[in-house]
Amino acid sequence: MEIGYFYAAVTILSGFLLTMITCFIVSWLKSQADTTDTRLDDIIIAAHGKPLQATIIAVSFYTTLKYYGISRYSTSG
């Protein structure tokens, strides 16, 4: 197994782990926001939670494809 595949797998798994941690943090923030009187914090958390998680996954896949030579169209090396 090439070392690039190992680093690619670690990068993707790290992205998923970071996404899971972000999911737990967003859930905790939602529970804290439910206790307040205003709905502004609920709206802000809802607007940023899922897009942040999707961005983390996208960046991990982009990094894998761009820097570890997984794609045959990659520009590295």
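Per DSSP H run of n ≥ 4, the term is -39500 (n - 2.57); total these for the chain, divide by its residue number, and report the mean residue ellipticity at 222 nm rounded to 500 deg cm²/dmol. Working shown, then result.
Numbers: 2 runs with 59 residues, N = 77.
Rounded to the nearest 500, the figure is -27500 deg cm²/dmol.
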Legend entry - Magnitude of the charge dipole, the chain, Cβ model with Lys/Arg +1 and Asp/Glu -1, debye to 20: 320 debye
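Could you work out the relative contact order of region 1-57, using alpha carbon pairs under 8 angstrom and six or more residues apart, expressed as a whole percent? Spell out each step's value before the answer.
On the way: 21 pairs, mean separation 26.6, N = 57.
This gives 47 percent for region 1-57.
What full-extension length gain, to one decimal in nm, is calculated for residue 52 and residue 40 as 0.36 nm per residue of separation minus the Cα-Cα distance?
On the way: separation 12, 0.36 × 12 = 4.32 nm, distance 1.83 nm.
Contour length minus Cα-Cα distance gives 2.5 nm.
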Inset, instruction - Could you point to the residue in 59, 26, 43 farthest towards the positive end of the chain's charge dipole, with +1 and -1 charges on the Cβ of Lys/Arg and Asp/Glu respectively? - result: 59
Legend entry - Cα-projected label distance for residue 17 with residue 32, points at 7 Å along beta-carbon direction, nm: 2.4 nm
Legend entry - 11 Å beta-carbon shell around residue 35, net charge (K/R +1, D/E -1): -3
Legend entry - Candidates 14, 60, 31, ranked by Gaussian network fluctuation over the chain, Cα under 10 Å, top entry: 31
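For the chain, what number results from the quotient of the Cα radius of gyration and 2.2 N^0.38 Å? Numbers along the way, then the final one.
Values: Rg = 17.0 Å, N = 77, 2.2 N^0.38 = 11.5 Å.
Rounded to two decimals, the normalised Rg is 1.49.
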Legend entry - Choice from 44, 12, 21 with maximal GNM fluctuation in the chain (Cα, 10 Å cutoff): 44
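Bear in mind that the values in this text are calculations on the coordinates, not laboratory data. Note that the structure is predicted; figures quoted are calculated from it, not measured. Virtual Cβ from ideal backbone geometry, glycine too; neighbours counted across all protein chains shown.
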